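I have placed the structure first, in the form of structure tokens, so that the comments after it can refer back to it.
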Amino acid sequence: MTHPRRTTVGIIGAGPAGLLLARLLHRSGIDCAVLESRERDYVEQRQRAGILEQGTVDVLRACGAGERMDREGMVHDGIELRYDGQVHRLDFPALTGGRRVMVYAQTEVVKDLIARQLDDGAPLLFGARATAVEGAHTTRPLIRYRHQGRAHTLNCDYVIGCDGSHGVSRQAVPESERRTYARGYPYSWLGVLADVPPSGDELVYAHSARGFALLSMRTPTVSRLYLQVPNGTDPADWPDDRIWDELQARTALDTPGKLARGPLTAKAVLPLHSSVTEPMRFGRLLLAGDAAHIVPPTGAKGLNLAVADVTVLARALAQAHRTGSTELLDAYSDTCLRRVWRAEHFSHFMTTTLHTAPDQSPFDTRLQLSQLDRIAASAHAAAELAENYTGLPLE
Ligand SMILES: Cc1cc2nc3c(=O)[nH]c(=O)nc-3n(C[C@H](O)[C@H](O)[C@H](O)COP(=O)(O)OP(=O)(O)OC[C@H]3O[C@@H](n4cnc5c(N)ncnc54)[C@H](O)[C@@H]3O)c2cc1C
């Protein structure tokens, strides 16, 4: 096992952000090394997102990581909203001038990008935990990391923090130089994987007095299903039958029995948060993806924002490498934050429109239903949702 000691771009974290950035840089002829604290199996099995915006699909294709996605992913032309006894379908291509989304699990995106990275022969070290970033405001930043019980140093021209919401890179910035805007929500998601074909062809977002539910899928034979649950819920309190009964009650409306049941293979509770750290650049340390911002998953934006950040960043680093100009790097934070705040707004809107808060009043519920009626009745309101869901332009 060789430990990289010097690279142009040191990347912390092999989630979608770090892996895609490495791929894009490699294709621009810029050397980089990726340090990942977890082992490969863990990273490849971690259940998370599954909806790819049109722009994300385009970037994965363009960088040569889209072949299996195009073979196995499922193109979706819309979603269904169920509320107050009604079913309303949003037709994305009709509302957005042809934009669609792709259902392809984050686990598969990560597997494809790891395979490409290793094929390229580019350094990617698993079990390598970054412990500190130093010298961000110098021209010689470095990453300290531990691998197999020993301490190492990676000297870089740039350090990119793609280490998610609990990583070290954001912490490396003095509190006086960063500002974090955050809010929590008074509910969580209980997410399960089920070995059963999805009951419908498209995702179902259900508003109900019992709480929100989402019927989603990973493959034609695996369903991904979510229930709003109180914060602090223990998944052990939710035996399989209780989950199926609740999904049925919240989503099936007047079609009882339609929800196909099968064995549950994973069960986890996910608290919902929104947060943004500004700026996303501190000298030669730049943050991307969840390291800089988090959205509740209701709008399916987290993975897509990570992809958008590193697409902008790869162009900026390529410009700096090729011409010496830092114009795009200087604009990186502002460019990304415009899109990030739009996605924050959309994710917050979807979350608060579809969930039932513990202290929700009948007035609040009438406002939610009025908003959902508006989306069902107005092509403009529906288009606003569809444009945000399928993804806004990169810059
Ligand atoms: C539990 C969970 C469930 C989610 N579910 C959904 C969902 O259902 N739908 C949806 O749209 N979005 C979901 N998301 C959001 C989406 O998955 C993220 O937005 C996306 O993973 C962001 O990619 P990233 O590369 O920025 O960060 P991550 O995928 O978090 O990758 C960060 C990587 O950095 C590594 N790392 C951390 N610290 C260090 C360190 N010190 N040194 C080295 N490596 C380090 C981590 O192990 C990880 O591999 C979920 C997120 C979480 C946390």
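The values are calculated or read from the model by the stated rules, or taken from the named source; none is laboratory data. Quick caveat, the model's predicted, so the values are computed rather than measured. Using ideal geometry, Cβ is built from the backbone for each residue, glycine included, and neighbour counts are taken over all protein chains shown.
Quick notes on this structure:
- Against the list (1) basic (Lys, Arg); (2) within 19 Å of the chain's Cα centre (by Cα); (3) over 30 Å from residue 77 (Cα atoms), the condition residue 144 fails is (2).
- Highlighted here are the strands (runs of 3 or more DSSP E) found entirely within region 154-254 that include at least 1 residues which are within 28 Å of residue 312 (Cα to Cα), among the aromatic types (Phe, Trp, Tyr) and within 22 Å of the chain's Cα centre (by Cα): 179-194.
- Selected residue [in contact with a Ser or Thr (Cβ under 7 Å, 6 or more places away or on another chain) and modelled with pLDDT of 95 or more] from 326, 351: 351
- Residue in region 126-134 that is modelled with pLDDT of 95 or more, assigned by TED's automatic domain parsing to the domain that holds residue 295, crowded, with 22+ Cβ neighbours inside 10 Å and among the polar types (S, T, N, Q) present: no
- Screening region 289-393 for helices (runs of 4 or more DSSP H) wholly inside it with 2 or more residues that are aliphatic (A, V, I, L, M) and either closer than 30 Å to residue 27 by Cβ or within 14 Å of the ligand (Cβ to nearest atom) (or both) returns the ranges 302-323, 327-354.
- Of the candidates 48, 140, 61, the single residue that is in contact (Cβ under 8 Å) with a residue 40 or more places away in the chain and either in contact with a Pro (Cβ under 9 Å, 6 or more places away or on another chain) or basic (Lys, Arg) (or both) is 48.
- Strands (runs of 3 or more DSSP E) fully within region 1-100 counting 1 or more residues that are surrounded by fewer than 21 Cβ atoms within 10 Å (Cβ to Cβ), at pLDDT 95 or above and more than 11 Å from the ligand (Cβ to nearest atom): 6-12, 74-76, 78-83, 86-91
- Condition check for residue 173 on (1) farther than 30 Å from residue 127 by Cβ; (2) out of contact with any Ser or Thr (no Cβ under 6 Å at 6 or more places or on another chain); (3) at pLDDT below 95: one failure, at (1).
- Only one of the numbered conditions (1) at negative phi; (2) surrounded by 22 or more Cβ atoms within 10 Å (Cβ to Cβ); (3) aliphatic (A, V, I, L, M) is violated by residue 300, and that is (1).
- Considering (1) modelled with pLDDT of 95 or more; (2) in the same structural domain as residue 267 (by TED's automatic domain parsing), the lone condition that residue 200 does not fulfil carries the number (1).
- Here residue 127 meets the list (1) closer than 24 Å to residue 47 by Cβ; (2) out of contact with any Asp or Glu (no Cβ under 6 Å at 6 or more places or on another chain); (3) within 14 Å of the ligand (Cβ to nearest atom) almost entirely, failing just condition (2).
- Residues (of a type in the set (A, V, I, L, M, F, W, C) and surrounded by fewer than 16 Cβ atoms within 10 Å (Cβ to Cβ)) located in region 135-166: 151
- Conditions (1) under 30 Å from residue 348 (Cβ atoms); (2) within 16 Å of the ligand (Cβ to nearest atom): number failed by residue 244: (2)
- Residues located in region 298-338, provided they are of a type in the set (Asp, Glu) and either under 30 Å from residue 355 (Cβ atoms) or in contact with a Cys (Cβ under 8 Å, 6 or more places away or on another chain) (or both): 309
- Selection from region 201-222 of residues that are out of contact with any helix residue (DSSP H, G or I) (no Cβ under 8 Å at 6 or more places or on another chain) and more than 13 Å from the ligand (Cβ to nearest atom): 201, 202, 220, 221, 222
- Against the criterion of being surrounded by fewer than 22 Cβ atoms within 10 Å (Cβ to Cβ), within 14 Å of the ligand (Cβ to nearest atom) and among the small types (Gly, Ala, Ser), residue 105 does not qualify.
Results for (1) of a type in the set (A, V, I, L, M); (2) over 17 Å from the mean Cα position of the chain (by Cα), shown as yes or no for each residue.
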site: 293; (1), (2): no, no
site: 346; (1), (2): no, no
site: 362; (1), (2): no, yes
site: 369; (1), (2): yes, yes
